[in-house]
Amino acid sequence: MEYPRAQLVRALVAYFGDDNRRIEHALRVFYHAERIAEEHPECDTEILVAAALLHDVGIKVSEEKHGYNNGKTQEQYGPPVAQELLESIGFPADKTQVVTDIIGNHHSRSKYDYPELAVLKAADLIVNRDEKV
């Protein structure tokens, strides 16, 4: 897969359209995830990048269906959207499953022992804390 970061950013922007707030949030989480991952060489970079950029794609579906979103609805609706986006850019199928597992668990107690999930949760926490200021 050539230039996976660029392809994922394009997919993210195309999906969220003019929702700059969601795009900015994803880019900030991605930035922090990459910094945190420097101390976790066991992380798969492609998985981490995809999970960080796409972790909140469930928000759009949740808001369209229910008029709101929360952690539970993000985890419910995010994995199928992420899978579709990842498949559209030729992301490896085995890694797609891990990314969708992570997206489906990034607000709940960890069901998986993926190092990328722990890094994503830490990065999202930083950004969410900063955004509440």
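Only the coordinates and a few stated rules stand behind these numbers; no lab work does. This one's a predicted model, so the numbers in the text were calculated from it and none came from an experiment. In this analysis, Cβ positions are derived from the backbone assuming ideal geometry, glycine residues included, and neighbour counts consider all displayed protein chains.
FRET efficiency for the pair R10 and H40, taken as 1/(1 + (r/R0)^6) with r the Cβ-Cβ distance and R0 = 22 Å, rounds to 0.25. The slack between D18 and Q97, meaning 0.36 nm per residue of separation minus the straight C-alpha distance, is 25.6 nm.
Couplings 3J(HN,Hα) of the stretch 27-36, computed from phi: 5, 5, 5, 4, 4, 5, 4, 5, 5, 5 Hz, in residue order, whole Hz [Karplus 6.51 cos²θ - 1.76 cosθ + 1.60, θ = phi - 60°; x for Gly and Pro]. With the charge dipole of the chain set up from +1 on Lys and Arg Cβ and -1 on Asp and Glu Cβ about the Cα centre, the Cα lying farthest toward the positive end among the listed residues G71, L48, P115 is that of G71. Computed extension length for Q76-L125: 15.7 nm, one decimal, from 0.36 nm per residue of separation with the Cα-Cα distance subtracted. A simple charge model with +1 on the Cβ of Lys and Arg, -1 on the Cβ of Asp and Glu and nothing else charged puts the dipole of the chain at about 440 debye relative to its Cα centre. The count of lysine pairs in the stretch 14-133 with alpha-carbon distances below 26 Å, taking only pairs 8 or more places apart or on different chains, stands at 15. Look at the Cα gyration tensor of the chain: its axes a ≥ b ≥ c give a/c under 1.5, and that counts as rounded. Each listed q (0.12, 0.19, 0.26, 0.29 Å⁻¹) maps to a log10 I(q)/I(0) for the stretch 11-74 from the Debye sum over equal C-alpha point scatterers, namely -0.34, -0.74, -1.09, -1.21. Suppose a student asked you for the relative contact order of the stretch 4-131, using Cα pairs under 8 Å spaced at least 6 residues apart; what percent would you report? About 30 percent, as a whole number.
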